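Here is the structure we will look at, set down as C-alpha cells.
The values are calculated or read from the model by the stated rules, or taken from the named source; none is laboratory data. Remember, it's a predicted structure, so these values are computed and weren't measured experimentally. All Cβ positions, even for glycine, are placed from backbone atoms using ideal geometry, and neighbour counts span all protein chains on display. For the accessible areas, the whole protein counts, side chains as well, though only heavy atoms, and no ligand, DNA or RNA atoms are used. Shrake-Rupley method; radii C 1.70, N 1.55, O 1.52, S 1.80 Å.
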Amino acid sequence: MTDIDTSVPHSARIWNYWLGGKDNYPVDEAAGDAYTAVFPGIVTIARSSRAFLGRSIRHLVQEAGVRQFLDVGTGLPTVDNTHEVAQRHAPESRIVYVDNDPLVLAHARALLTSTPEGATAYEDLDLYEPDRILEAAGRTLDLTRPTALILSGILGHVADHDQARDLVRSLMSGLPSGSYLSLNEGSRGTDPAYEQAQDAYNETGAVPYFLRPVHQIEAYFDGLDLVPPGVVSVPLWHPDPTDPDPRPIGQHGGLARKP
C-alpha cells in the first residue's frame, strides 16, 4: 500500500474534518480552517451533500425498491455511510464501495460492517477504470438486477467535462434497466463566494476540484429519467421535514432511473 503522507493537507481528510469526522491531522484542520476563514459556507456544503446522499438512498430503498448500491469515490468513512443508511431500511441491501485512495483503503474496515442479511465490499480501483469497477462489483452484486450508482462529489476531480460524462455513461451502461444514478457535485451560478474560494484553493497546488455550471451537471443524467424535482440545489431535493426553510447552495444533484 502507498504510504500516507501526513505532512501535506489531503482533500478527503479535509472533507472528513468539515463533516465532523476524526480521520484527519492538524495539517488538514489548518487547511480546512483556512478555507472556512475565506468561505464559512463550505461546512454547510459538505454536510448538505452528505444529507442529500442519505435522502436519495432512503428514496431508492423505500420508494424504488433498490437493494444494490455501487458507491464510486467513496471517501473516508463518516456518519451515515451508504450501507448504514440502506441497511437501516432494508437489511438485505448489498453495497460495493470503490476508491483508490490509500487513506480510504486504510479505513475501509469501517465500511465493511454489514448486516448478516446483506453484504458490503470494498474495491481498490480508480474511477478511470469503469470496466474493472463493473467486473469487481459483479463479485458482490447481481448486475442483472437494478443497482444504484452513487457518485457523490467525485466528478469535480475530473478536469475534462466530456471525460467525466463518458465515465458516467460507461458505468451506467453496465447496469440493467431499472437502475439509478444518484449524483451531486459542486456547482457554479449560485454562490460567487464559494466559487472564488474554490478557485483560489485549486491554485494552491492541492488536488483540484472543479465546480461546474448546472447545465453540465444535468448532462450527466442524459438518457436517464430524472426523479422530480430533477437536478436542483441539494437542500431543495426532497428536503427533510425538519428543515423548514431550505436555501439553495452551490451544490447540485439529482436522482434518475435508467429506462
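On the stretch given as the stretch 75-97, residues that are part of a loop (DSSP other than H, G, I, E, B), closer than 18 Å to residue 139 by Cα and either acidic (Asp, Glu) or open to solvent by 20 Å² or more (accessible area, probe 1.4 Å) (or both) total 1. Can you tell me which residues in the stretch 11-23 are touching a residue at least 40 places away in the same chain (Cβ under 8 Å) and farther than 17 Å from residue 204 by Cβ? If the condition is that a residue be touching a residue at least 40 places away in the same chain (Cβ under 8 Å) and farther than 17 Å from residue 204 by Cβ, then 16, 19, 20, 21, 23 are the ones that fit.
Quick one: which residue in 94, 58 is touching a residue at least 24 places away in the same chain (Cβ under 8 Å), in contact with a Lys or Arg (Cβ under 8 Å, 6 or more places away or on another chain) and not aliphatic (A, V, I, L, M)? First the steps, then the outcome.
Numbers: 58 fails: in contact with a Lys or Arg (Cβ under 8 Å, 6 or more places away or on another chain).
Exactly one residue qualifies, and that residue is 94.
Here is a list of conditions, (1) open to solvent by less than 60 Å² (accessible area, probe 1.4 Å); (2) out of contact with any strand residue (DSSP E or B) (no Cβ under 6 Å at 6 or more places or on another chain), and residue 33 meets all of them except one; can you say which number that is? All conditions are met except number (1). Once the stretch 50-72 is narrowed to residues that are surrounded by fewer than 22 Cβ atoms within 10 Å (Cβ to Cβ) and not basic (Lys, Arg), the residue that is nearest to residue 187 (Cα to Cα) is 51.
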